[in-house]
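Enquirer: Please read through the structure below; I'll follow up with questions.
The values are calculated or read from the model by the stated rules, or taken from the named source; none is laboratory data. Quick caveat, the model's predicted, so the values are computed rather than measured. Glycine gets a Cβ as well: all are built from the backbone with ideal geometry, and neighbour counts include every protein chain shown.
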Amino acid sequence: MVDFNNESTVGTPSANLVKILILQARANALDSLEKYNKQYSSGIQADQGILKSRLCSWLLEHSAYIERTEKNIEEYNKIKGYIFFNEKDLTPEQIQKIVEFLNNICDSIKLTRIDLKKAYDRTMVEEDNKNNDLS
Amino acid sequence: MKIKKFVYDHGLPYSEKLQENIKAQIKRVENKRASMILIDGAVGTGKTTLAVEIANEINKIHKLPNIKLKIKDHPQIALGGKEFTGCFRECNKQKLPVVIYDEGGDFSRRGAITQFNAMINRLFETYRGFKIIVIICLPNFNVLDNLLFENNIPRMLIHIKDRSKNYGSFRVYSLSQMNWIRYWADKLPKGAKHKCYSNVLPNFYGQFLNLPKEQEKALDKLSTYGKKSVLVDTEIKLKGLKSYDDLAKACNRSQLWVSLTLKKLKIKYKTIIGRKRYFSKDVLDVLYSKLEEIKENETRGRKKKRS
């Protein structure tokens with residue numbers, strides 16, 4: 001958790017704080033999704049309140065970025081409609097779409113991308129040299 | 001009857017992968033960065049043959065004819081350190097894209113390795129913007145200086161492993177792999193140093209064919225000529241033979257004076273090597289005694305004049 005009462009938080013660059021906040025929102029949303037799925041699959045009529053509110057806060061973390069870059073803005077507006085202006089419960093397909101969309105954004109801004117190491121052709125000697133910082 | 005092949009189906013005398021890597025080196029050189037390709041292997045494995053084939057292909061890319069292999073005219077192939085800087089300058093003059101350094105028996109002489117390293121270092125410091133690829137053929141690349149590797153000048157090592165009647169096989173290592181080979185060469189005991197190559201995974205393997213007959217003959221002539229000159233030098237040094245030039249330098253007199261005095265003293269040359277007359281060591285003592293005689297005569301003359 002980002003502790004705004006802690007003095008060390010003041011000295012931390014805002015970009016780093018926001019990154020942590022997004023990851024936190026994602027973790028919370030996935031946690032509530034897991035609980036919802038558990039209840040849903042065991043036949044209990046589960047409440048979507050927590051899940052919806054967590055997805056909402058996750059989306060809000062990204063909203064400024066999406067609106068500024070206008071990347072996938074149509075899909076964003078659709079998802080915004082599902083979360084904010086939908087009084088009915090979300091269908092499993094809608095939940096899947098929302099999570100996929102938000103996950104893809106996290107990947108595109110390199111928040112959750114861990115396979116950053118570039119694959120290269122080892123038989124090309126110059127590429128091998130470059131990869132070993134010997135260019 | 002089987003027809004002997006000199007190129008593979010893809011039109012090259014060696015593996016296609018090697019050609020791709022050489023094209024990458026050409027790009028590197030065009031960006032004004034130094035590039036040195038090392039070819040090493042045991043005696044008679046075809047280091048110079050492969051070097052000539054690579055040089056020919058580089059020339060072809062630059063729309064130039066095959067490299068010249070005449071004894072009197074070979075600007076792109078240097079036989080030993082003496083010729084190397086000259087060839088480099090000539091290549092720059094004629095805008096030739098590649099120069100080969102064939103060791104030509106250089107490494108059989110003591111102190112030659114340090115001389116060679118000093119020359120190569122100076123050369124790359126001075127001529128880095130020349131856009132010339134340097135191919136160096138040597139028996140073992142471990143003799144090269146640390147400084148060259150620290151400056152990332154050698155880019156690729158082609159280690160020739162074996163050669164049969166029709167083709168040879170090689171392994172190619174990148175600079176990082178070369179550094180590992182050097183590490184293993186240091187670590188392994190003296191008798192097992194050759195194992196350093198098999199301890200490191202090569203970047204790729206390949207094969208090469210022989211040169212066409214005419215070129216092969218010309219190359220054989222050229223390389224034996226280069227090695228012969230080294231042999232002659234060692235023979236002269238071992239026997240202690242002196243030419244007119246050496247005698248003149250030792251006596252601090254002109255060559256004409258030396259030839260005339262030797263004629264007067266009726267001393268004949270011992271052998272002729274490469275149109276040069278060589279005398280035995282003892283001739284120097286005779287000339288020194290003659291010089292002393294002349295000096296004595298001069299002093300006597302002066303004393304007479306004074307009296």
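Enquirer: Looking at (1) away from every other protein chain (no Cβ under 14 Å); (2) out of contact with any Cys (no Cβ under 7 Å at 6 or more places or on another chain); (3) not small (Gly, Ala, Ser); (4) not in a strand (DSSP E or B), find the lone condition where residue B:160 falls short.
Expert: (4)
Enquirer: Here's another thing I want to ask about it. Where the second residue is in a strand (DSSP E or B) and of a type in the set (Lys, Arg) and the first is more than 29 Å from residue B:125 (Cα to Cα) and lies in the range B:149-165, which pairs have Cβ atoms under 7 Å and are six or more apart or on separate chains?
Expert: Note: pairs meeting the criteria are B:161/B:171.
Enquirer: Checking the structure you have, find out if any residue of the range B:130-137 is more than 20 Å from residue B:48 (Cα to Cα), more than 14 Å from chain A (Cβ to nearest Cβ) and either part of a helix (DSSP H, G or I) or more than 18 Å from the chain's Cα centre (by Cα) (or both).
Expert: There is at least one residue in the range B:130-137 that is more than 20 Å from residue B:48 (Cα to Cα), more than 14 Å from chain A (Cβ to nearest Cβ) and either part of a helix (DSSP H, G or I) or more than 18 Å from the chain's Cα centre (by Cα) (or both).
Enquirer: In the range A:119-132, is there at least one residue being part of a helix (DSSP H, G or I), more than 14 Å from chain B (Cβ to nearest Cβ) and without any contact (Cβ under 8 Å) to a residue 40 or more places away in the chain?
Expert: No.
Enquirer: Also: If only one of B:57, B:30 is within 14 Å of chain A (Cβ to nearest Cβ), surrounded by fewer than 23 Cβ atoms within 10 Å (Cβ to Cβ) and modelled with pLDDT under 95, which one is it?
Expert: Going through B:57, B:30 in turn, just one is within 14 Å of chain A (Cβ to nearest Cβ), surrounded by fewer than 23 Cβ atoms within 10 Å (Cβ to Cβ) and modelled with pLDDT under 95: B:30.
Enquirer: Can you name the number of the only condition in (1) surrounded by 14 or more Cβ atoms within 10 Å (Cβ to Cβ); (2) at pLDDT 90 or above; (3) more than 14 Å from chain B (Cβ to nearest Cβ) that residue A:90 fails?
Expert: (2)
Enquirer: Could you pull out the residue among B:67, B:54, B:39, B:58 that is in a strand (DSSP E or B) and within 30 Å of residue B:227 (Cβ to Cβ)? Give the steps one after another, and end with the answer.
Expert: Details: B:67 fails: in a strand (DSSP E or B); B:54 fails: in a strand (DSSP E or B); B:58 fails: in a strand (DSSP E or B).
From the options B:67, B:54, B:39, B:58, the qualifying one is B:39.
Enquirer: Sticking with this structure for a sec: Among helices (runs of 4 or more DSSP H) lying entirely in the range A:3-105, which contain 1 or more residues that are in contact (Cβ under 8 Å) with a residue 12 or more places away in the chain?
Expert: The qualifying helices (runs of 4 or more DSSP H) are A:14-41, A:49-69, A:73-84.
Enquirer: Being touching a helix residue (DSSP H, G or I) at 6+ places or on another chain (Cβ under 9 Å) and under 30 Å from residue B:67 (Cβ atoms) is the filter; apply it to the range B:230-255 and report the residue that is surrounded by the most Cβ atoms within 10 Å (Cβ to Cβ).
Expert: Result: B:230.
Quick grid of which residues meet (1) over 20 Å from residue B:33 (Cα atoms); (2) surrounded by fewer than 22 Cβ atoms within 10 Å (Cβ to Cβ); (3) of a type in the set (A, V, I, L, M); (4) assigned by TED's automatic domain parsing to the domain that holds residue B:219:
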site: B:99; (1), (2), (3), (4): no, no, yes, yes
site: B:103; (1), (2), (3), (4): yes, no, no, yes
site: B:113; (1), (2), (3), (4): yes, yes, yes, yes
site: B:116; (1), (2), (3), (4): yes, no, no, yes
site: B:131; (1), (2), (3), (4): no, yes, no, yes
site: B:188; (1), (2), (3), (4): yes, yes, yes, yes
site: B:192; (1), (2), (3), (4): yes, yes, yes, yes
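Enquirer: Could you please find all residues in the range B:143-182 being within 19 Å of the chain's Cα centre (by Cα) and closer than 14 Å to residue B:42 by Cβ?
Expert: Correct list: B:158, B:159, B:160.
Enquirer: Output the number of residues of the range B:169-210 satisfying the condition of being in a helix (DSSP H, G or I), aliphatic (A, V, I, L, M) and within 13 Å of another protein chain (Cβ to nearest Cβ).
Expert: Counting residues in the range B:169-210 that are in a helix (DSSP H, G or I), aliphatic (A, V, I, L, M) and within 13 Å of another protein chain (Cβ to nearest Cβ) gives 2.
Enquirer: Same structure, new question: Given the criteria on the phi > 0 side of the Ramachandran plot, in contact (Cβ under 8 Å) with a residue 40 or more places away in the chain and buried (at least 22 other Cβ atoms within 10 Å of the Cβ), does residue B:46 qualify?
Expert: yes
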